[in-house]
Amino acid sequence: MNEMKVPIVELSECIACGVCVETCPEIFRFNDTGYIEVIELAVYPEPNVNDAIKYCPVDCIH
């Protein structure tokens, strides 16, 4: 499994559509205020994060 650095969600661009949460619920979630956040993990699987990046409609995941 390929590993990558921690993904970052640019909240100023995020529309909170939830595609990343639906695509990778093990990596992304909605926090208590309704914003997307990255779950703290020891390893971030690159294929999963790349799927979230690919399907994000506003390209706010880096």
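FYI, it's all coordinate maths here, none of it is from the lab. Since we're looking at a predicted model, the values are computed, not measured. As a convention, Cβ positions derive from the backbone with ideal geometry for all residues, glycine included, and neighbour counts pool all protein chains shown.
Please go through segment 21-45 and give me each residue that is in contact with an Asp or Glu (Cβ under 9 Å, 6 or more places away or on another chain), touching a residue at least 24 places away in the same chain (Cβ under 8 Å) and closer than 14 Å to I61 by Cα, ordered by number.
T23, C24, F28, Y44
Do you know which residues across segment 32-62 are of a type outside the set (S, T, Y), assigned to a strand (DSSP E or B) and more than 12 Å from C17 (Cα to Cα)?
Step one: list which residues in segment 32-62 are of a type outside the set (S, T, Y), which gives 32, 34, 36-43, 45-54, 56-62.
In the following step, the residues that additionally are assigned to a strand (DSSP E or B) were identified as 36-38, 45, 61.
Across segment 32-62, the qualifying residues are E37, V38, P45, I61.
Being part of a loop (DSSP other than H, G, I, E, B) and under 11 Å from the mean Cα position of the chain (by Cα) is the filter here, so list the residues in segment 17-31 that pass it. Before the answer, list the steps.
We begin by selecting, within segment 17-31, every residue part of a loop (DSSP other than H, G, I, E, B); these are 17-18, 24-27, 31.
Matches in segment 17-31: G18, C24, P25, E26, I27.
Test V6 against the criterion of being hydrophobic (A, V, I, L, M, F, W, C), within 14 Å of I61 (Cα to Cα), part of a helix (DSSP H, G or I) and under 11 Å from the mean Cα position of the chain (by Cα), and give yes or no.
Values: hydrophobic (A, V, I, L, M, F, W, C): yes; within 14 Å of I61 (Cα to Cα): yes; part of a helix (DSSP H, G or I): no; under 11 Å from the mean Cα position of the chain (by Cα): yes.
When the stated conditions are applied, V6 does not pass them.
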